[in-house]
Amino acid sequence: MLLPNKRIQTTAVKTNPASPQLMRKALAEDKEEPYMSRRKTTLTLFVLITLLAACSDIPASEEKRKETLLKGFPEASLTIFPVTHSKITGPVDKSPEYRKFADALERAFREEARETAGILGLLLEEKGYDRFEMTDTEFRFPEGKAARKERAAAFGKFVSELNLMTDYALCAEFTLHIEKSYQEVYWVMVDAKGGIVWEDSQGPDDPDFLVENELAGCELVCRRLTPVMGLDKLPKKELSEDKKEALREIRAKKPPSRSEFEAIENRLETMKKARGTARVLIRPTRVDGDHTEPKRAAHLAELINEAGLWLATVAQTGPVLEGYGWPDESVVLWLFARAAREHAQQHPADSDYVLFADYWLNPHGEVWAVHFVVLDRAGEWVIVDLQNSHQKDFQRISPKTLADCDRLVLERLKEYLR
C-alpha cells in the first residue's frame, strides 16, 4: 500500500476497523475480504496520496470574474443536493485491477454522496449560515466532454421541474483521475425556477486547489462561496456540541497535507541530528481512552535513557486527551494527534520535544493498539505513529502487557531516529 510519506504512519496504513470489543470479528472478516473491497477508507486514500495534475472544464479566465454578492444572501435559503462524483477518469481499463479499483471507488462515492453534502452543510453552518435544507434527491451531471459543458443547464432544468421550497439550490461534483487524484471540484447554484446564478470550477492549475479528499473539496466550495453568499458578513455561530464533535471527527480523518508531511519530515531530520542530546518530556500515557498512567511514562523514559536516544524526563501529571473515534482507528489516531498538538501549544514544556503515548486493550486485556506522537518545542508534529496487529513491529514484539507497549514505542523510536 502506498503511503504519503514512508516514515510517517497515516490513515493510509492499515488500521483496525472496529473497536477493541469487536477485534475478533473484525480480524476474521478482514481475512475473508479481497484487497479491493477491504476498506472504504483504504480505497479512497489510495488516490488521495498521488500527485495532482491538470484539467478543468471551465477556463481559468472565467474564474477571474468579479465575485459579487448574490441577490438575497445571506438571508436567502438554499437546498443542498447530494455531492456527486463523475465517473473515474484516466486509464481505468489499464488492467483488471484498475477496473475493479475504479468500480469500487465509484460505489464508495455513491454511498457517501449524502454524507459529503452533510459535511458541506456543517461547514456553512460553522460560518454562521443555517438557512439551508438537505435533500436526498440525487442529481447526476451529464457525462461526456460535450455534455459536461452543459452541466449547469442540466441541473437548472432538473430543479425547474421540482417543487423547490427554498430560494436557491446547490449541487457539487468532484472528478478524480485514477492515477492523479482529484482533478476538479465543480459546483453550480440555480434559483427556484432553474435559472443559473453561479457556476464555478477549480482544478490543479488553480492556486486555491489543494483537494485530497471530500472534506478538502467541501472546504474549497465553502471558501469560494463565502463572498457570493455573504458568509463573511455573518456573525460566527456557536455550533451545538454534537455538531462540533461531528466536525472534529470529520477533520480527524483528514491526514496532513503534502506540505505538512514535508515539514514533518524536515522536523524529523532535525530531531535525528539531536539524538542523544535532545531533552524530551514524556507525558503520562493514555490507556483505554479514559485515564492516564504516569508509571508507563516513567518506564518509557527509563527505556529511552538506557538506549541513549534522548535525555528523557517525566511529567508527573498530564491530561486525558479527549477524542476516541472508534470504530475507525484512523480517527482515533488523528484525534489523539491533534489533541496532543493543541495541548503542547497551549502548555509549552521546558524541553526540546514532548511525547504522548496512547495504548488500547480489548476486554480480555489483550493489547489492541499502540499510538504515539512526538512534538517539537513549537508544538508541531515530528512523529505520528500507529501500531496494531497489521504492522510488522507489532507482530515481531507481540505486546502482551502495557510494559511491552512501552518497548514497542522504544523500537519505533529507534527506527525513526536511525
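The values are calculated or read from the model by the stated rules, or taken from the named source; none is laboratory data. Given the structure is predicted, the values throughout are model-derived calculations rather than measurements. A quick note on method: Cβ atoms are made from the backbone with ideal geometry, for glycine too, and the neighbour counts reach across all protein chains shown.
Numbers at a glance
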quantity: Test: Trp334 is surrounded by 22 or more Cβ atoms within 10 Å (Cβ to Cβ), modelled with pLDDT of 95 or more and either of a type in the set (Val, Ile, Thr) or assigned by TED's automatic domain parsing to the domain that holds Gly276 (or both); calculated: no
quantity: Top-ranked residue of region 284-328 - restricted to ones that are of a type in the set (D, E, K, R) and surrounded by 20 or more Cβ atoms within 10 Å (Cβ to Cβ), ranked as farthest from Lys272 (Cα to Cα); calculated: Asp328
quantity: Matching option when the condition is in contact with a Phe, Trp or Tyr (Cβ under 9 Å, 6 or more places away or on another chain) and not charged (D, E, K, R), among Val367, Val354; calculated: Val367
quantity: Glu125 under 18 Å from the mean Cα position of the chain (by Cα) and assigned to a helix (DSSP H, G or I); calculated: no
quantity: The listed residue being hydroxyl-bearing (Ser, Thr, Tyr) and under 23 Å from Leu247 (Cα atoms), out of Ser398, Ser330, Ser351; calculated: Ser330
quantity: Qualifying residue in region 221-231 (condition: in contact with a strand residue (DSSP E or B) (Cβ under 7 Å, 6 or more places away or on another chain) and more than 24 Å from Asp167 (Cα to Cα)); calculated: no
quantity: When residues of region 95-109 are limited to those that are in contact (Cβ under 8 Å) with a residue 60 or more places away in the chain and surrounded by fewer than 16 Cβ atoms within 10 Å (Cβ to Cβ), the one nearest to Ile119 (Cα to Cα); calculated: Lys100
quantity: Matching entry among His347, His343, His299, His291 (being over 17 Å from the mean Cα position of the chain (by Cα) and within 16 Å of Arg248 (Cβ to Cβ)); calculated: His343
quantity: Any hit, region 338-358, residues being in contact (Cβ under 8 Å) with a residue 60 or more places away in the chain and among the aromatic types (Phe, Trp, Tyr); calculated: yes
quantity: Verdict on Leu170 being within 17 Å of Leu124 (Cα to Cα), at pLDDT 95 or above and either surrounded by 19 or more Cβ atoms within 10 Å (Cβ to Cβ) or out of contact with any strand residue (DSSP E or B) (no Cβ under 9 Å at 6 or more places or on another chain) (or both); calculated: yes
quantity: Search result, residues across region 173-222 that are part of a strand (DSSP E or B) and aromatic (Phe, Trp, Tyr); calculated: Phe174, Tyr182, Tyr186, Trp187, Trp198
quantity: Top-ranked residue in region 95-150 [being hydroxyl-bearing (Ser, Thr, Tyr) and out of contact with any Leu (no Cβ under 8 Å at 6 or more places or on another chain); ranked as farthest from Asp200 (Cα to Cα)]; calculated: Ser95
quantity: Some residue of region 361-377 being closer than 17 Å to Pro399 by Cβ, of a type in the set (Lys, Arg) and under 30 Å from the mean Cα position of the chain (by Cα); calculated: no
quantity: Every pair of residues 6+ apart whose Cβ atoms lie under 7 Å, when the first sits in region 290-310 and is without any contact (Cβ under 8 Å) to a residue 40 or more places away in the chain while the second is among the basic types (Lys, Arg); calculated: Thr292/Arg286
quantity: Criterion violated by Asn163 - all others in (1) part of a loop (DSSP other than H, G, I, E, B); (2) touching a helix residue (DSSP H, G or I) at 6+ places or on another chain (Cβ under 8 Å); (3) not hydrophobic (A, V, I, L, M, F, W, C) satisfied; calculated: (2)
quantity: Residue that is farthest from the chain's Cα centre (by Cα), among those in region 186-219 that are modelled with pLDDT of 95 or more and among the aliphatic types (A, V, I, L, M); calculated: Ala192
quantity: Residues that are in a helix (DSSP H, G or I) and within 15 Å of Ala357 (Cα to Cα), drawn from region 395-418; calculated: Leu402, Ala403, Asp404, Cys405, Asp406, Arg407, Leu408, Val409, Leu410, Glu411, Arg412, Leu413
quantity: Residue among Ala357, Ala349 that is part of a loop (DSSP other than H, G, I, E, B) and hydrophobic (A, V, I, L, M, F, W, C); calculated: Ala349
quantity: Test: residue in region 245-252 that is out of contact with any helix residue (DSSP H, G or I) (no Cβ under 9 Å at 6 or more places or on another chain) and either modelled with pLDDT of 80 or more or over 30 Å from Gly308 (Cβ atoms) (or both); calculated: yes
